Amino acid sequence: MDVVFDNVCFTYNRNIPIANEVLKEVSLKMAKNKINAIVGPTGSGKTTLVELINGLSLPTNGRVMVGDFIVDHNIDKHKINLLRYKVGLVFQFPEEQFFQTTVKQELAFGMQYFHHKIKINERISEVLKMVGLNDSFLDRNPFKLSGGEKRRIAIAAILMFDPEIIILDEPTVGLDNGGRKSLINLIRRLKYFYRKTVIVISHDVDMLYQIADFVHILNKGELIASGSKYEVFNDIELLLENNISIPKVAAFTRKVYDKKGLNLGKYYEINDLIKMVYKHVQ
Ligand code: ADP
């Protein structure tokens, strides 16, 4: 499902001046079956923006098209409920919401409100596999898993509904290196193997530089730029102006170009770049 924002404005408080709106006339397109990154300083409106995609908040003006759904301030409740199953939203630190004593119960919990007929046990095994785990986790206590495993269980709980779009808010925050790597692989798999449309909010620009297809920059509620990750993340001035960290690979290739006039080519992962440079200096 494509997601299209058409002149969307949003305010939490209708009494404040238009200049202080949380989102200001945002128009953008997030492409289906791609990884779309949203970056911007804290408070720029990223979380608010994604909450409009599953109807958790409704635009004050303008509309959001999510596949065939039109989300505007007139949308009816029934449509919002349908939309919520199509768009899975994984909040920051989702594992903090766990409250069941086994992984199986945690995954089954949300399904009591889901009216489509599915075989719950089979679905649970399926989503565990999707997040790189297996049935040996079924009876484990979710509170006693590693940070990375907890995060993957929380994502699996959202995948139970088989959403077409999955939104991840800061998926790598607080994970150790191993957990972060597994999560990066999981996000890739969601796109390539399970054909999901993925939307990721993150300050982890090195992760985004590896996996994103498109990057959208928000600042003070305005859309500043939207483009391929290569266009956006290699515009160092644009990143600096908007207080966004520069991916390590982009910073290094730019420095080599500025100092030595050498074009190192397109690399998205620092280890690949190091290997290439190493080959040339041996
Ligand atoms: P980001 O995700 O980029 O950090 P948010 O979307 O969380 O930004 O917040 C954008 C702005 O909206 C901030 O100024 C924040 O204080 C404000 N805001 C967020 N949630 C609420 C809320 N529930 N009520 C009022 N203001 C809010």
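The values are calculated or read from the model by the stated rules, or taken from the named source; none is laboratory data. Predicted model, so just to flag it, every value in this text is computed and none were measured. All Cβ positions, even for glycine, are placed from backbone atoms using ideal geometry, and neighbour counts span all protein chains on display. Heavy atoms of the whole protein, side chains included, go into the accessibility calculation; ligands, DNA and RNA do not. Shrake-Rupley method; radii C 1.70, N 1.55, O 1.52, S 1.80 Å.
Leu208 passes every criterion in (1) assigned by TED's automatic domain parsing to the domain that holds Gly147; (2) part of a helix (DSSP H, G or I); (3) free of Cβ contacts under 8 Å to residues at least 60 places away in the same chain; (4) out of contact with any Asp or Glu (no Cβ under 6 Å at 6 or more places or on another chain) apart from (3). Applying a threshold of 6 Å to beta carbon distances and a minimum spacing of six or more residues, or different chains, the list of pairs starting in region 161-185 at a residue that is at positive phi and ending at one that is open to solvent by 50 Å² or more (accessible area, probe 1.4 Å) reads Glu170/Gln92.
Please specify each residue of region 219-250 satisfying the condition of being among the aliphatic types (A, V, I, L, M) and surrounded by 15 or more Cβ atoms within 10 Å (Cβ to Cβ). The answer is Leu223, Ile224, Ala225, Val232, Ile236, Leu238, Leu239, Ile244, Ile246, Val249, Ala250.
Could you go through region 25-36 and let me know if any residue there is within 13 Å of the ligand (Cβ to nearest atom) and buried (at least 16 other Cβ atoms within 10 Å of the Cβ). Yes, the conditions are met somewhere in region 25-36.
Among the numbered conditions (1) touching a Leu at 6+ places or on another chain (Cβ under 8 Å); (2) surrounded by 21 or more Cβ atoms within 10 Å (Cβ to Cβ); (3) of a type outside the set (A, V, I, L, M), the only one that Pro142 does not meet is (1). One residue stands out among those in region 46-102 that are of a type outside the set (D, E, K, R), in a helix (DSSP H, G or I) and without any contact (Cβ under 8 Å) to a residue 12 or more places away in the chain: the one that is farthest from the ligand (Cβ to nearest atom), which is His78.
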